[in-house]
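Worksheet: one structure, shown below.
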Amino acid sequence: HAQDCKNPEHYAHRVWKCRFCCSQAVYFCFGSLHMCKTCHDDGQLSLRRKGLGPKQKEKAVCPGEGKCPLGLKKGQSKHKNGITKDCEEVLRCLR
């Protein structure tokens with residue numbers, strides 16, 4: 001499956017899920033953080049207001065099978081969303 005692409009040469013062609021919610025990531029920040037526009041802009045606003053790193057955003061709960069806008073991998077009942085790196089997920093590989 002393209003979602004399971006582990007080829008390091010394809011890294012630039014992977015489409016990622018936002019770490020914090022069930023949206024497609026469009027930003028890659030701080031060398032390890034994939035975020036959608038909404039979560040990125042929320043984090044940038046927090047940076048400007050507080051002079052801190054990205055805010056510890058409340059995780060958005062995945063609505064689950066049949067309702068998640070991203071769809072789910074076979075055997076997956078929900079996406080994990082939150083501040084930890086294990087909440088990142090490759091949605092597909094464009095190669």
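Is it fair to say GLU58 is at pLDDT below 80 and open to solvent by 70 Å² or more (accessible area, probe 1.4 Å)? Give the steps one after another, and end with the answer.
Numbers: at pLDDT below 80: yes; open to solvent by 70 Å² or more (accessible area, probe 1.4 Å): yes.
Against the criterion (at pLDDT below 80 and open to solvent by 70 Å² or more (accessible area, probe 1.4 Å)), GLU58 qualifies.
List every residue pair whose Cβ atoms sit under 8 Å apart, with the two residues 6 or more apart in sequence or on different chains, where the first one lies in region 74-95 and is closer than 16 Å to CYS22 by Cβ and the second, anywhere, is part of a helix (DSSP H, G or I) and modelled with pLDDT under 85.
Close Cβ pairs (under 8 Å, with a partner that is part of a helix (DSSP H, G or I) and modelled with pLDDT under 85) amount to VAL90/GLN3; VAL90/ASP4; LEU91/GLN3; ARG92/ALA2; ARG92/GLN3.
So which pairs qualify, if the first residue must be in region 27-38 and open to solvent by less than 80 Å² (accessible area, probe 1.4 Å), the second must be of a type in the set (S, T, N, Q) and assigned to a loop (DSSP other than H, G, I, E, B), the Cβ gap must be under 6 Å, and the two must be at least 6 apart or on different chains?
Between residues of region 27-38 that are open to solvent by less than 80 Å² (accessible area, probe 1.4 Å) and residues that are of a type in the set (S, T, N, Q) and assigned to a loop (DSSP other than H, G, I, E, B), the close pairs are CYS36/SER23.
Table: residues versus (1) at pLDDT 85 or above; (2) under 20 Å from CYS5 (Cβ atoms); (3) assigned to a loop (DSSP other than H, G, I, E, B).
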site: CYS21; (1), (2), (3): yes, no, yes
site: THR38; (1), (2), (3): yes, no, no
site: GLN44; (1), (2), (3): no, no, no
site: LEU70; (1), (2), (3): yes, yes, yes
site: GLY82; (1), (2), (3): no, no, yes
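The values are calculated or read from the model by the stated rules, or taken from the named source; none is laboratory data. Quick caveat, the model's predicted, so the values are computed rather than measured. We place every Cβ from the backbone using ideal geometry, glycine too, and count neighbours over all the protein chains shown. In case anyone asks, the SASA skips ligands and DNA or RNA and just uses the protein heavy atoms, side chains included. Shrake-Rupley method; radii C 1.70, N 1.55, O 1.52, S 1.80 Å.
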